[in-house]
Amino acid sequence: MEQFEPKIIALVCNWCTYTAADLAGTSRLQYPANIRMIRMMCTGMIDSKYILKAFLSGADGVFVGGCHPGDCHYIDGNLKAGKRIPGVGKILEQFGFEPDRLKLKWIGASEGPEFQKYMTEFVDTIKTLGPSQVRDRMIL
C-alpha cells in the first residue's frame, strides 16, 4: 500500500514567511516537499475564497504564514488575516473539514528554523488526519 503524501498549499507573506522559507533553503534546512508555496504581498490580502478554492480543488491542508503582529509592512494586514482565517476555519468545519487542516502562524524573516519546524509539524498533522474528503474528486 502506498503511503499517503498530503498536498499542502502555503499562502505566505512576501516580506516575512517567504523570506524565512528562503532562509531555510539557503541554510540547507530540510522540510517536506509536500508544500506548494504561493507568495502573497501580505496575509491581509488573502481572500477567504483562495483558501476555500484550495480545499475544493483537493488540497489536504492550507498553511497561512505572515509577519508577527506589529511588524506588517502594510501596517495591519496580518491583524486582518488574524481575524479572517479563524472565520474561514469555522466555514470549513461546517462543510465537514477538520479544523486542523487550516493553520495560521506568524513567522519572521529571520526565522528559517521555525519555518522548517512549522512546515514539518503541519505536514505530520495532515498525514495523521489522512486525505481530504474531496481529494479523490479533484486534483491540484
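The values are calculated or read from the model by the stated rules, or taken from the named source; none is laboratory data. Keep in mind the model is a prediction, meaning the values are calculated, not measured. Note that we place each Cβ from the backbone using ideal geometry, even for glycine, and neighbour counts take in every protein chain shown. To get the accessible areas, we keep the full protein, side chains included, count just its heavy atoms, and leave off ligands, DNA and RNA. Shrake-Rupley method; radii C 1.70, N 1.55, O 1.52, S 1.80 Å.
The table below gives the values:
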{"read-out": "Subset of region 16-29 [under 13 Å from the mean Cα position of the chain (by Cα) and open to solvent by less than 50 Å² (accessible area, probe 1.4 Å)]", "value": "Thr17, Ala21"}
{"read-out": "The lone exception for Tyr74 - which of (1) modelled with pLDDT under 95; (2) closer than 18 Å to Ala20 by Cβ it fails", "value": "(1)"}
{"read-out": "Among residues of region 45-77, those that are part of a helix (DSSP H, G or I) and more than 19 Å from Met119 (Cα to Cα), counted", "value": "8"}
{"read-out": "Selection within region 30-48 - loosely packed, with under 15 Cβ neighbours inside 10 Å and among the polar types (S, T, N, Q)", "value": "Gln30, Ser48"}
{"read-out": "Looking only at region 87-139, and only at residues there that are of a type in the set (Ser, Thr, Tyr) and either in a loop (DSSP other than H, G, I, E, B) or within 15 Å of the chain's Cα centre (by Cα) (or both), the one that is surrounded by the fewest Cβ atoms within 10 Å (Cβ to Cβ)", "value": "Ser110"}
